[in-house]
Amino acid sequence: MTKEAAQKAWRTMRGRVWKARRTARLSKEALSKWAEESGFRIVFLDAKSGNPRIGIADTILLRIKPKSPDQIELYVVQLKGGGSGFKASEMARLTKAASAIKATPLIILHDGEELHFLAGEASFTREPRRGRVAA
């Protein structure tokens, strides 16, 4: 590595974007470790690019409720890292997002060849509109 390249790398690592990404990575790693140790499954709601999405919720934590196998604990999480604080308006927004969660019962049967969706509102099983690519 040349001296100029090393200096550019050093300057990059001292920039706000690099520090923010590093803090986010470390926060995710710490939460993942805690979730595993605590018996939670974790779902990060990142964009396809891997970057954080714009919405208030960053993560979903869930597990089967201890001593109650038919109940699921679900937590909507905003993950904060570094020295960032949070505002009351963020908590209100997160609470609103959590209260808007709707659980729909859905039974999925597999006959060895294809999936059959029964009950609930399986809107994701509809045929895609023209011009759209199926996921």
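Screening Glu114 with (1) modelled with pLDDT of 80 or more; (2) under 29 Å from Lys33 (Cβ atoms) gives one miss only, at (2). All conditions but one from (1) among the aliphatic types (A, V, I, L, M); (2) at pLDDT 85 or above; (3) touching a strand residue (DSSP E or B) at 6+ places or on another chain (Cβ under 8 Å) apply to Ala92; the one that does not is (3).
Within the stretch 9-30, can one find any residue that is at pLDDT 90 or above and acidic (Asp, Glu)? Yes, the stretch 9-30 contains a residue that is at pLDDT 90 or above and acidic (Asp, Glu). Comparison of Lys80, Lys33 shows that the only residue that is assigned to a loop (DSSP other than H, G, I, E, B) and either modelled with pLDDT of 95 or more or surrounded by 14 or more Cβ atoms within 10 Å (Cβ to Cβ) (or both) is Lys80.
Exactly one condition in (1) outside any strand (DSSP E or B); (2) surrounded by 14 or more Cβ atoms within 10 Å (Cβ to Cβ); (3) touching a residue at least 24 places away in the same chain (Cβ under 8 Å) is not met by Leu61; state its number. Evaluating Leu61 over (1) outside any strand (DSSP E or B); (2) surrounded by 14 or more Cβ atoms within 10 Å (Cβ to Cβ); (3) touching a residue at least 24 places away in the same chain (Cβ under 8 Å) leaves (1) as the failure.
Among the residues of the stretch 41-56, just one is of a type in the set (A, V, I, L, M, F, W, C), out of contact with any helix residue (DSSP H, G or I) (no Cβ under 8 Å at 6 or more places or on another chain) and more than 20 Å from Thr95 (Cβ to Cβ), namely Ala47.
The values are calculated or read from the model by the stated rules, or taken from the named source; none is laboratory data. Since this is a predicted model, take the numbers as computed values, not measurements. With ideal geometry, Cβ positions are generated from the backbone for all residues, glycine too; neighbour counts draw on all protein chains shown.
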